[in-house]
Amino acid sequence: YINAGKGSPTFTSASSITLTAPDGVISNGVFTPMYTGLVKGSSNPVTVIGQGVSITSVADNGLGDYTLTFSSPLAADTDSFGLIGSAQNQSSSATVSFVKTSTTVIRIYVHDASGTNIDADVFLTIYEI
């Protein structure tokens, strides 16, 4: 929501407001996230909690290496969606990287400052491009 300065549109509700937009929602010219979630990589087994496209499976491929499989394609091709992630690692710095295996499968890697894979929770956001 961005206020243009001439009046302030408001939504008032005693409960929740649901906006259904199968073709996507644009906020100030930018697509809103199609999926936002938390990969609990520090727990055993690895779990995922999120909103948006459904996840059918999560695999722990070893230290700091996770595969998420979605129930439906994230976009027409792998160039049509982007991934942003950050790791929660309180003991040292951590870097998150992704491989878009297909439109329904992504692989997540978490590394420490030396490049060694580590288990850590990852906050993930997927955008349509």
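Worth pointing out:
- When all alpha carbon pairs of the stretch 42-88 are counted in 10 Å bins from zero, the resulting P(r) reads 19, 54, 25, 2 %.
- Computed from label points 7 Å out along Cα-Cβ, the spacing between Q51 and L38 is 1.4 nm.
- Contour minus Cα-Cα distance for T104 and T67 (0.36 nm per residue): 12.3 nm
Bear in mind these aren't lab numbers, they're just calculated from the coordinates by the rules spelled out. For clarity, every value in this text was computed on a predicted model and none was experimentally measured. Backbone-built Cβ (ideal geometry, glycine too); neighbour counts: all protein chains shown.
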